[in-house]
1. State whether the range 181-287 is rounded, prolate or oblate according to the following rule on the C-alpha gyration tensor (a ≥ b ≥ c being the square roots of its eigenvalues): a/c under 1.5 gives rounded; otherwise a/b larger than b/c gives prolate, and the remaining case gives oblate.
2. Determine the shape class of the range 36-155: with a ≥ b ≥ c the square roots of the Cα gyration tensor eigenvalues, call it rounded for a/c under 1.5, and otherwise prolate if a/b is greater than b/c, oblate otherwise.
3. For a quick check: sort Tyr213, Tyr414 by the number of other beta carbons within 10 angstrom, fewest at the front.
4. Mind telling me which of Arg244, Arg125, Arg55 comes out most flexible in a GNM of the chain, alpha-carbon contacts under 10 Å?
5. If neighbour count is taken as other Cβ atoms inside 10 Å, put Ile425, Ile85, Ile189 in order from fewest to most.
6. From the gyration tensor of the Cα coordinates in the range 290-395, what semi-axes in whole Å does the equivalent ellipsoid have, largest first, with each one equal to sqrt(5λ)?
7. Read through the labelled values [x] 40, 22, 20; [y] 56, 31, 20; [z] 36, 25, 19 and report the label of the one computed as semi-axes √(5λ) of the Cα gyration tensor in Å from the structure.
8. Can you find, among Gly258, Ile191, Trp243, the residue farthest towards the positive end of the dipole of the range 181-287? Put +1 on the C-beta of Lys and Arg, -1 on that of Asp and Glu.
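Just so you know, all these numbers are worked out from the coordinates, no wet-lab data involved. Nothing here was measured: the structure is a model prediction, and the numbers come from that model. Glycine gets a Cβ as well: all are built from the backbone with ideal geometry, and neighbour counts include every protein chain shown.
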Amino acid sequence: MNVKTKLSDCMRPLLGALLLSSALLGNAQAEVQPLNRVVAIVDNDVIMQSQLDQRLREVQQTIAKRGAALPPEHVLSQQVLERLIIENIQLQIGDRSGIRITDEELNQAIGTIAQRNNLSVEQFRAALARDGLSYEDAREQVRREMVISRVRQRRVAERVQVTEQEVQNFLASDLGKMQLSEEYHLANILIPVPESASSSDIQGAAKQADELYQQLQQGADFAQQAIARSASETALEGGDMGWRKAAQLPSPFDSMIGALKPGEVTEPMRTPGGFIILKLIEKRGGGTQVRDEVHVRHILIKPSEIRSEAEAQRLAERLYERIQSGEDFGALAKSFSEDPGSALNGGDLNWIDPNALVPEFREVMAHTASGELSKPFKSPYGWHVLEVLGRRATDSSEQFREQQALSALRNRKYDEELQAWLRQIRDEAYVEIKL
């Protein structure tokens, strides 16, 4: 007997007993509230009506804030339930894998979310309350998303490998040269086709996609249609995929997207998962990437067991005075500096990006003119004296392009791997919908 069938058989008497209990109470107390019922069994867990109702309210509020029209509630409810099922499967994987989110990590994540919205944590709580949402429920949803993110990192991201040769091949390709100059903010609608679909199933999906494309051409709201009809993971966000490079998109979308204007949509295209329509929301990017660099050298004096903080400061001040009196900076750095990476080079750090330095060093360097010496100052490493030898703006476009290419190839592979993995775990899970 199938293990998943056994679970279902075990659950049915329990559900029956709960419903019978509800009926008996109903006879005794006409005012009793309806029992919170199971709407889906997912492997070794269940999804309750209260969970579905809560998520449905959140999604409805999000859609309303975007100004989009809501699809019929039964359609939206099916989409939300499917999202909860996929989430539940991933959460169970996380639980079996021992993934736990500490309170400290959760508090930090909540603080980051509040900060991104220019709110304090207390203001964030008040904003949730105004929307009729519980802070505790919000924390729980953030925890779930963090668990799911870590599950995907372990199960999906670690499989994605991009070689240096792939990066160079991509940069040398016409597509790479063309597409790395721009980014596209996209939304999508997926009309699904089952893996074992018959020819009539495929024709039906193609017809549905063509009809939808015509409606979009005639002004139908893309986000509303995505919420109501798309099988994509981004359906409840109105199909919003965020920013993508064309190179991250499957063929032939990678070459089609550059010809679109913001607001336009592609014709439906067949993919392994079904028929996809993309909408271009906006585009950005291009131009030269310029990075400021500073040529700097320094002397570092560290406090130690045999040298107190005050003694380290006094030695740095004496070295500063000696340099001011005309002694050679490089010679003193070789004799006194305790930075092993630069001492033998006379304290020379060569040309360096200020962002690579600790804030204290960066701040003093920024206020020291070329050819000038700084007064002694303290950083987490000890006491420094620095001299700025020059400043320049460097074109780092090539390095930036290589990083973009690596990111684009990784994201493309990740998106493909993620969708395949989500289909796999959904197909392998036991799911019984009770609605």
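1. Because a/c hits 1.5 or more and a/b exceeds b/c, the range 181-287 counts as prolate.
2. Because a/c hits 1.5 or more and a/b fails to exceed b/c, the range 36-155 counts as oblate.
3. Ordered by Cβ neighbours within 10 Å, fewest first: Tyr414, Tyr213.
4. Of Arg244, Arg125, Arg55, the Gaussian network model singles out Arg125 as fluctuating most.
5. Ordered from fewest to most neighbouring Cβ atoms within 10 Å, Ile425, Ile85, Ile189 come out as Ile425, Ile85, Ile189.
6. Equivalent ellipsoid of the range 290-395: 23, 15, 12 Å, largest first.
7. Recomputing semi-axes √(5λ) of the Cα gyration tensor in Å here gives the entry labelled [y].
8. Gly258
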